[in-house]
1. List pairs: first residue in the stretch 97-122 and in contact (Cβ under 8 Å) with a residue 40 or more places away in the chain, second residue acidic (Asp, Glu) anywhere in the structure, Cβ distance under 6 angstrom, at least six positions apart or on different chains.
2. For a quick check of your reading: which helices (runs of 4 or more DSSP H) sit entirely within the stretch 310-398 and have at least 2 residues that are open to solvent by less than 20 Å² (accessible area, probe 1.4 Å) and within 21 Å of residue 261 (Cα to Cα)?
3. Out of all the residues in the stretch 283-298, which are closer than 18 Å to residue 406 by Cβ and either open to solvent by 50 Å² or more (accessible area, probe 1.4 Å) or under 15 Å from the mean Cα position of the chain (by Cα) (or both)?
4. What are the pairs, 6+ residues apart or on separate chains, where a residue within the stretch 128-155 that is among the charged types (D, E, K, R) has its Cβ under 8 Å from a residue that is part of a helix (DSSP H, G or I) and surrounded by 20 or more Cβ atoms within 10 Å (Cβ to Cβ)?
5. Looking at the stretch 181-203, is at least one residue under 30 Å from residue 289 (Cβ atoms) and over 21 Å from the mean Cα position of the chain (by Cα)?
6. Need the failing condition index for residue 408 against (1) touching a Ser or Thr at 6+ places or on another chain (Cβ under 8 Å); (2) part of a loop (DSSP other than H, G, I, E, B), just the number.
7. If we scan the stretch 223-245, do we find a residue that is more than 20 Å from residue 209 (Cβ to Cβ), at pLDDT below 95, open to solvent by less than 60 Å² (accessible area, probe 1.4 Å) and among the hydrophobic types (A, V, I, L, M, F, W, C)?
8. Tell me which residues, restricted to the stretch 191-205, are closer than 28 Å to residue 389 by Cβ and either among the hydroxyl-bearing types (Ser, Thr, Tyr) or not in a helix (DSSP H, G or I) (or both).
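The values are calculated or read from the model by the stated rules, or taken from the named source; none is laboratory data. For clarity, every value in this text was computed on a predicted model and none was experimentally measured. Positions of Cβ are backbone-derived with ideal geometry, glycine not excepted, and every protein chain shown enters the neighbour counts. These accessible areas exclude ligands, DNA and RNA; they are computed on the full protein's heavy atoms, side chains included. Shrake-Rupley method; radii C 1.70, N 1.55, O 1.52, S 1.80 Å.
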Amino acid sequence: MGNGHFKNQRMDIFFLYKLKKGGSLFPLDFTAVEENMDNFMTQVKNLAQSLYPCSAQKLDYDMKLNFLENTSVTCNDGSPAGYYLKESRGSRRWLIFLEGGWYCFNKENCDSRYETMRRLMSSSKWAQTKTGTGILSPLPEENPHWWNANMVFIPYCSSDVWSGATAKTEQSGYAFMGSLIIQEVVKDLLNKGLDNAKVLLLAGSSAGGTGVLLNVDHVAELLEGLGHTGIQVRGLSDSGWFLDNKQYHCTDCVDTVSCAPTETIKRGIKYWGGVVPERCRQAHQGEEWNCFFGYRVFPSIKSPVFVVQWLFDEAQLTVDNIQLTGQPVQEGQWRYIQNLGIELRNTLKDVPAMFAPACLAHEVITRNYWIDVQVKGTSLPRALHCWDRSLHDNRNNKAPPKGCPVHLIDSCPWPHCNPTCPTIRDQFTGQEMNVIQFLMHMGFDVQRMAQQQGMDPSKLLGMLSSGS
């Protein structure tokens with residue numbers, strides 16, 4: 001690879017590359033290359049592939065299980081909490097991911113969760129390794145800007161939306177220590193290279209996405225308190241921006257699915273001994289449950305946070321008692337679904353960095369299709385890269401890069417009006433559905449809608465199928 005390749009690069013790159021008799025591999029440190037990252041990644045990948053035959057070792061991509069050093073911080077059932085780690089010694093970027101998986105909020109539904117979903121309450125059956133996907137993938141083609149980071153996956157085993165700080169008691173029968181688990185993982189990682197980090201991105205999906213909003217400032221304060229002031233802590237919250245809206249049908253609060261969002265959290269926060277960010281707690285004294293809802297907690301968060309949220313989130317519709325299977329959707333439900341998109345859009349308008357496609361889905365950043373979805377022609381990895389760059393430029397008092405948007409929200413009004421949305425499947429047959437089939441299933445009356453818009457039905461169908 002000749003010097004010509006590097007003419008336009010900033011050359012504050014430090015290459016450390018040795019080959020020893022034992023075949024040990026010392027990765028390259030190219031943390032400092034910010035501008036022309038894509039081109040640089042391609043070159044490094046080509047170099048790595050050309051050298052690969054020289055090494056008899058299989059490249060090990062998996063994250064490996066570690067249990068916490070502090071054994072008093074546990075999963076619900078008292079088994080040790082832990083994390084999966086794949087180190088990347090050439091990188092000073094760390095990604096810590098919080099897994100999602102709903103919650104339970106009283107003895108009855110926690111007992112039932114323990115019977116049916118024990119993996120989310122106990123570490124007794126966790127595998128020794130885990131393969132990263134989406135933003136946790138070590139492959140550049142799946143994860144163009146973060147593939148080389150140190151990857152950490154924290155399994156969710158506290159059932160408390162990552163908020164609890166309570167040991168197991170006779171009365172509850174369970175420990176709720178989600179917030180403490182995050183703190184302990186961060187402390188353990190300081191001995192594994194995190195102390196030398198430039199950027200720590202706390203990411204999470206679903207309950208993990210809400211966990212990011214609740215914990216990102218805690219993590220920043222913890223590192224600062226321990227003297228690590230050089231680490232920039234940021235958040236990436238995926239599918240955790242829930243609304244405390246009125247349900248389509250009000251039902252009794254029996255389990256996590258039928259219970260209204262506010263009622264669940266009000267009960268849960270007491271049962272878990274839930275902790276919320278201090279500034280939000282002060283703003284909502286006596287009603288701390290407010291801090292579990294993105295648009296209420298966000299104004300009090302100091303760390304930069306990027307929000308990813310489907311405008312028609314399946315988990316939100318579930319707690320709102322909208323059933324999307326079996327029967328075609330009635331007109332009242334259809335209106336409710338469209339209003340949900342409008343409400344969500346309104347709560348996101350003042351969030352500076354976000355990605356909100358008009359799709360019916362739930363979770364995205366660890367899905368293999370996370371690179372395919374676009375809003376206004378920009379993909380999510382690209383938007384996150386632009387956000388990285390804008391934060392980097394802000395620190396250096398440079399103007400943000402042109403043509404690199406970070407505030408991306410669909411303006412079309414119904415689910416899946418964006419043609420890059422993930423494929424919809426009929427939940428009974430598993431068959432793929434196109435947009436028109438889906439809208440028909442949703443009870444969408446093309447004839448009537450065309451009449452209302454004053455246009456020909458076939459023209460409207462054409463517009464729907466092209467996503468305009």
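1. Matching pairs, first to second residue: 109/255; 121/77; 122/77.
2. Values: elements: 314-319, 331-348, 380-395.
Helices (runs of 4 or more DSSP H) meeting the threshold: 314-319, 331-348.
3. The initial filter retains those residues of the stretch 283-298 that are closer than 18 Å to residue 406 by Cβ, namely 294, 298.
Correct list: 294 only.
4. What qualifies is 142/134.
5. We begin by selecting, within the stretch 181-203, every residue under 30 Å from residue 289 (Cβ atoms); these are 181-187, 200-203.
Still in the list and also over 21 Å from the mean Cα position of the chain (by Cα): 187.
Yes - at least one qualifying residue is present in the stretch 181-203.
6. Among (1) touching a Ser or Thr at 6+ places or on another chain (Cβ under 8 Å); (2) part of a loop (DSSP other than H, G, I, E, B), residue 408 violates only (2).
7. Among the residues of the stretch 223-245, not one is more than 20 Å from residue 209 (Cβ to Cβ), at pLDDT below 95, open to solvent by less than 60 Å² (accessible area, probe 1.4 Å) and among the hydrophobic types (A, V, I, L, M, F, W, C), which makes the answer no.
8. As a first pass, look at the stretch 191-205 and keep what is closer than 28 Å to residue 389 by Cβ: 192-205.
Passing the criteria: 192, 193, 197, 198, 199, 200, 201, 202, 203, 204, 205.
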